[in-house]
Amino acid sequence: MAVITTEKLTKYYGRTRGIAEIDLTVEEGEFFGFIGPNGAGKTTTIRTLLNFIFPTSGRAEIFRMDCARKSAEIKKDIGYVPGEVRYYTGMKAGELLDYCASLRKNVDRKRMLRLCDIFEVESGKRIGELSLGNLKKVAIVQALQHRPKLLLLDEPASGLDPLMQTRLFEILKEENSRGTTIFLSSHNLAEVQRHCLRVAFLREGRIIEDRKIHELAGLNACRVRISAEGDIAAALGSLGVHEFEETTGYKEFIYNGSIDALIKAIAGLKVKDLRIENIQLEDAFMHYYEKE
């Protein structure tokens with residue numbers, strides 16, 4: 001079953017483009033990545049899904065309900081972490097979480113306290129005294145404490161130290177294994193690659209690619225960096241390798257073929273150094289955006 005569905009979802013701010021004709025489907029139980037450079041429209045998409053802003057045209061559904069007409073009902077089963085967290089500055093963090101829990105019927109207080117312990121939430125401090133990272137931890141607990149069916153996460157790891165980022169993704173993986181659908185907008189491409197089944201690339205308000213992680217062409221290849229005595233280009237010619245980059249005694253190239261064939265091709269050279277690395281999601285990201 002599709003948890004999120006959009007059809008030609010478009011939002012303009014006057015003459016300024018937010019998003020344009022977004023067609024998107026996220027299935028139940030997916031861990032879905034939504035990536036793109038700043039200003040691509042990621043946050044606008046999420047805020048439109050949440051009915052915080054209204055679309056100029058097109059439609060959006062969550063749980064097969066219209067995001068505008070059934071917003072209150074939809075939000076009962078959604079957890080949301082915004083990119084920029086803003087709360088009542090005079091409230092203590094613990095008071096805020098208790099208040100948010102009181103607005104829902106299905107919050108397990110023991111779970112809330114466990115999450116506070118995991119993320120080391122400073123419950124006794126006022127919101128106005130918290131750092132960006134500590135504010136984000138409060139938002140994460142608020143989003144998770146009622147066991148939502150869908151998590152909409154807009155840069156949830158920003159501001160968190162590496163330890164807390166690790167804990168966050170451990171919890172998200174745990175929730176996803178229970179069936180929670182996760183829609184993750186993030187600049188942490190390593191975590192997107194590690195956890196997401198599918199990813200959509202957004203550029204200038206439009207989806208330019210929507211693929212499963214393992215299907216991305218770049219991820220089937222590797223980056224090779226070699227320093228050797230002899231004619232490297234001639235040795236690798238039979239493999240179809242030709243677009244070399246020269247860097248201080250090294251030749252670098254992208255290779256999509258048998259590693260065994262590669263090793264045999266360079267066996268006649270006097271190899272000084274050889275490095276073979278899998279292409280990462282970051283490389284695919286740069287492929288789509290570096291020309292901008």
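Provide Ile127, Ile19 in ascending order of the number of other Cβ atoms located within 10 Å of each residue's Cβ, fewest first. List each step's numbers first, then the result.
Numbers: Ile127 19, Ile19 25.
Arranged by neighbour count, lowest to highest, Ile127, Ile19 become Ile127, Ile19.
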All-pairs Cα distance distribution in the chain, expressed in whole percent, bin size 10 Å | 6, 24, 27, 20, 12, 8, 3, 0
Apply the Debye scattering formula to the stretch 111-188, with a single equal point scatterer on each alpha-carbon and no solvent, then give log10 I(q)/I(0) at q = 0.16, 0.18, 0.24 Å⁻¹.
-> -0.55, -0.70, -1.25
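Which entries in the list Lys105/Lys125; Lys42/Lys105; Lys75/Lys105; Lys8/Lys75; Lys92/Lys137 go over 20 Å, if you measure between the two C-alpha atoms of each? List each step's numbers first, then the result.
Details: Lys105/Lys125 26 Å; Lys42/Lys105 31 Å; Lys75/Lys105 13 Å; Lys8/Lys75 22 Å; Lys92/Lys137 14 Å.
In this structure, Lys105/Lys125; Lys42/Lys105; Lys8/Lys75 exceed 20 Å between Cα atoms.
Sort Tyr80, Tyr250 so that the residue with the fewest other Cβ atoms within 10 Å of its own Cβ comes first and the one with the most comes last. Please list the in-between numbers first.
On the way: Tyr80 21, Tyr250 18.
Fewest-to-most ranking of Tyr80, Tyr250: Tyr250, Tyr80.
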List the equivalent ellipsoid semi-axes of the stretch 9-123 in whole Å, largest first, each obtained as the square root of 5λ for an eigenvalue λ of the Cα gyration tensor.
-> 30, 17, 15
So what are the ³J(HN,Hα) numbers for the stretch 244-252, from phi and the Karplus equation (6.51, -1.76, 1.60; θ = phi - 60°), rounded to whole Hz, Gly and Pro as x?
-> 8, 10, 9, 9, 6, x, 10, 10, 10
Karplus (6.51, -1.76, 1.60) ³J(HN,Hα), θ = phi - 60°, over the stretch 66-81, in Hz, Gly and Pro reported as x | 5, 5, 8, 7, 10, 4, 4, 5, 4, 5, 4, 10, 10, x, 9, 10
Residue-wise HN-Hα coupling along the stretch 262-267, computed from phi with Karplus coefficients 6.51, -1.76, 1.60 (Hz; x: Gly, Pro) | 5, 4, 5, 5, 9, 4
Between Phe34 and residues 5 or more places away or on another chain, which pairs have amide H atoms under 5 Å apart, with H built 1.01 Å from N, and which residues are they?
-> Leu184, Ser185, Ser186, Ala200
Anyone know which of Lys137, Lys251, Lys92 comes out most mobile in the 10 Å Cα GNM of the chain?
-> Lys251
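Taken together, the values in this text are just the output of simple stated rules run on the coordinates, not laboratory data. These figures come from a predicted structure and were not determined experimentally. Virtual Cβ from ideal backbone geometry, glycine too; neighbours counted across all protein chains shown.
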